[in-house]
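S.K.: Take a look at this one; I'll ask things after.
A short reminder: the numbers here are calculations on the coordinates, not readings from a lab. Just so we're clear, the structure is a prediction, and the values are computed from it rather than from any experiment. Backbone-built Cβ (ideal geometry, glycine too); neighbour counts: all protein chains shown.
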Amino acid sequence: MKQWPLVARLLVASWLLVVVILPLAGVALSVAFQSAVNQAFDERLKAMLHVTSSAIRASADGRLDLSRSLGDARFEQVFSGWYWQVSDDEGPLLSSRSLWDESLSLLAGGADTEILAGDALGPRDQPLRQVQRRLRLPDYPRPLQVIVAGPTNEVQAEVASFRRLLLIALASLGGLLMILLAVQVRWGLAPLRQMRADLRAVQTGQRESLDTRLPAELRGLAETINGVLERDRRLIERGRNAAGNLAHAIKTPLAVMRTQVAQLPEPQAERFGHELKRADEAVRHHLARASAAGSAGVSGQVMVTKALAPVLDGLGKMAERRGIRLDSRIDDRLRVSADPQDLQELTGNLVENAVRWAHSLVRLRVQAESGSLQLSVEDDGPGMSEAQRRAAMDRGKLVDSERSQSGLGLSIVRELVDLYDGELRLDVSPEGGLAVFLTLRVVTA
């Protein structure tokens with residue numbers, strides 16, 4: 001199952017909340033506004049109904065009339081949608097000029113003193129909002145029905161206008177909230193990005209610990225990680241010191257035994273000498289592994305020329321004694337995030353074996369390429385066949401191990417290369433000998 005990044009999770013959750021909450025709020029506001037507008041329209045019609053009712057007068061001969069005008073010109077405009085009507089059980093008695101020759105139908109129900117409101121159809125099937133009441137005049141023998149109606153399209157237009165404005169406002173608010181939430185998430189996760197950058201700097205050797213100037217929730221985590229890093233440094237240093245002490249402790253007994261072996265009869269001397277050699281190689285093998293383990297993750301940046309200077313000085317003298325030219329080219333400005341002992345072990349082992357096999361020339365090249373350290377060692381010796389190179393890689397040890405008296409075996413080289421997420425390749429050099437190419441995934445500067 002694919003794990004989403006934390007930023008994506010927070011943004012999606014926040015944006016979903018905005019996408020869900022804002023439409024619900026918009027619907028609620030729209031319903032509330034429509035209800036308020038309908039209520040206000042009904043109150044307006046009721047006020048006109050009261051004015052109309054209070055203006056009705058009955059003459060001595062039983063005729064009805066309005067004592068005053070309602071003061072709204074829309075009641076005078078034919079089929080304007082604003083109407084009033086006074087009727088009794090026999091039919092309409094008085095009506096606004098806007099009704100012309102049409103009449104309004106009564107709403108069903110309602111008590112004598114109750115004002116009844118509802119939707120109705122007016123002239124030419126106009127949708128109307130209508131209010132009506134039953135009225136009794138002292139000078140008129142029959143009860144009257146007074147009706148006032150207004151067009152609902154005005155209410156609908158007002159609601160539609162509000163909904164458009166609400167949609168624009170909520171869409172703008174939603175977009176602004178999404179932007180602000182994205183800024184908030186980015187700002188809130190800034191300490192985590194700082195921790196990641198610090199960890200990367202520790203990994204590449206640019207820093208020794210994390211910056212603890214963080215929010216309280218993360219400060220404890222940074223301090224704990226710093227404690228783990230410091231403990232790892234102490235453990236690695238202790239392991240290397242123990243490996244060195246063990247090497248010195250075993251070196252003398254092995255030398256004494258080799259001296260004693262020389263005094264044994266020939267068959268026994270050869271047998272014991274072979275076993276001592278195996279023991280010596282095994283001890284050096286595992287001591288080298290102990291010294292290499294864990295160094296890449298906590299090492300700092302080192303100058304390559306400075307780190308390799310002691311090794312190349314000793315190997316240069318060895319090559320001079322054998323009449324071999326050691327041609328080394330290393331970028332003087334090259335710095336890498338690697339342990340200097342690892343660089344010395346890798347370079348020393350490969351160059352030493354090249355010197356032992358070369359006829360007259362050994363080339364060493366160290367350079368940076370595509371953010372990686374490129375190291376190559378070539379010689380003009382007998383070289384190795386393709387089958388031998390494949391077998392050497394498979395067995396994890398050099399074919400010439402019988403002649404190698406110092407340095408790491410190929411298995412240790414491979415472990416160091418793997419520690420730095422690198423690559424090791426054996427090939428044929430242009431001079432006909434062996435060419436070894438190393439690529440170490442380390443930050444170069």
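S.K.: Spin-label point model (7 Å from Cα, Cβ direction): what's the Arg325 to Asn38 distance in nm?
M.R.: 10.3 nm
S.K.: Of the options Ala157, Leu137, Ile147, report the single residue whose Cα projects farthest towards the positive end of the charge dipole of the stretch 123-171 (beta-carbon charges: Lys, Arg +1; Asp, Glu -1).
M.R.: It is Leu137, whose Cα lies furthest towards the positive end.
S.K.: With a length cut of 24 Å (Cα positions projected on each helix's long axis) and a Kyte-Doolittle mean of at least -1.0, go through the chain and give me the DSSP H helices that pass.
M.R.: 6-55, 152-188, 216-261, 304-321, 340-357
S.K.: Which listed residue (Gly122, Leu276, Pro191) has the Cα farthest towards the positive end of the charge dipole for the chain, taking +1 on Lys and Arg C-beta and -1 on Asp and Glu C-beta about the Cα centre?
M.R.: Final value for the positive-end residue is Leu276.
S.K.: Separate question: So for the chain, taking the charge dipole from beta-carbon charges (+1 Lys/Arg, -1 Asp/Glu), which of Leu426, Leu176, Ser372 sits furthest toward the positive end?
M.R.: Checked the options; the winner is Leu426.
S.K.: In the chain, what percentage of the DSSP-assigned beta bridges are antiparallel, given to the nearest 5?
M.R.: Counting DSSP beta bridges with both partners in the chain, the antiparallel share is about 90 percent.
S.K.: Further, regarding this structure: Note the full-extension length gain between Arg186 and Ala13 as 0.36 nm times their separation in residues minus their Cα-Cα distance, in nm to one decimal.
M.R.: 60.9 nm
S.K.: Share of Cα-Cα pairs in the stretch 22-98 beyond 20 Å, in percent?
M.R.: Value for the stretch 22-98: 49 percent of Cα pairs lie more than 20 Å apart.
S.K.: Now for a different question. Using amide H atoms built in the peptide plane, which far-off residues or other-chain residues are under 5 Å from Asp88 H to H?
M.R.: HN-HN under 5 Å from Asp88: Leu93, Gln145.
S.K.: Taking the alpha-carbon centroid of each part, what is the distance from the stretch 210-236 to the stretch 23-57 in angstrom?
M.R.: Using only Cα atoms to place each centre, the spacing works out to 68 Å.
S.K.: Right, something else. Just from the alpha-carbon atoms, what are the Rg and Dmax of the chain in angstroms?
M.R.: Expressed in Å, the Cα Rg and Dmax of the chain come to 49.3, 162.
S.K.: Determine the principal axes of the Cα atoms in the stretch 1-52, then give the extent along each, sorted from largest to smallest and rounded to whole angstroms.
M.R.: 74, 16, 5
S.K.: Next question, about the same structure. For the stretch 13-163, what is the convex hull volume of the alpha-carbon atoms per residue, in Å³?
M.R.: Enclosed volume per residue, from the Cα hull, is 129 Å³.
S.K.: For Asp211 and Thr305 in the same chain, what is the full-extension length gain: residue separation times 0.36 nm, less their Cα-Cα distance, in nm?
M.R.: Using 0.36 nm per residue and subtracting the Cα-Cα distance, I get 30.8 nm.
S.K.: Each residue of the stretch 124-141 in turn: what ³J(HN,Hα) in whole Hz from Karplus with 6.51, -1.76, 1.60 and θ = phi - 60°, glycine and Pro shown as x?
M.R.: Listing the rounded values in order: 6, 6, 6, x, 10, 10, 10, 10, 8, 8, 8, 10, 10, 9, x, 9, 10, x Hz.
S.K.: Beyond 22 Å, what share of the Cα-Cα pairs of the stretch 298-440 remains, rounded to the nearest whole percent?
M.R.: More than 22 Å apart: 33 percent of the Cα pairs in the stretch 298-440.
S.K.: Using modelled amide H (1.01 Å from N, peptide plane; none on Pro or chain starts), what sits under 5 Å from the amide H of Ser328, excluding residues fewer than 5 places away?
M.R.: Close amide H contacts, sequence-distant or interchain: Leu364.
S.K.: Oh, and also: Mind putting a number on the dipole of the chain about its Cα centre? Charges go on the C-beta only, +1 for Lys and Arg and -1 for Asp and Glu, and I need it in Debye to the nearest 20.
M.R.: 1380 debye
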